[in-house]
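*Asks:* Handing you this structure, nothing more for now.
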Amino acid sequence: MVFVSYGETDDFAHDGEYDAYLKSAQRTDTFIKKNYGTLRNKTLFTKVKPLL
């Protein structure tokens, strides 16, 4: 199981720092995409359905 926290993104949103919020959300989304793609291509995970 993997837990990805959006803590930094959430903090920026609550602080009203919209530009920082967007950059943080983009970094988090890129992280998820890269790691999900890597895991999906591993033999162990080919039959496992992700819970998103």
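The values are calculated or read from the model by the stated rules, or taken from the named source; none is laboratory data. Computed from a predicted structure; not experimentally measured. Heads up, the Cβs are rebuilt from the backbone with ideal geometry, glycines too, and the neighbour counts pull from every protein chain shown.
*Asks:* Working only within the range 1-34, note down all residues that are aromatic (Phe, Trp, Tyr), free of Cβ contacts under 8 Å to residues at least 12 places away in the same chain and in a helix (DSSP H, G or I).
*Replies:* Tyr18
*Asks:* When residues of the range 1-30 are filtered for being exposed (fewer than 13 other Cβ atoms within 10 Å of the Cβ), modelled with pLDDT of 90 or more and among the aromatic types (Phe, Trp, Tyr), how many remain?
*Replies:* 1
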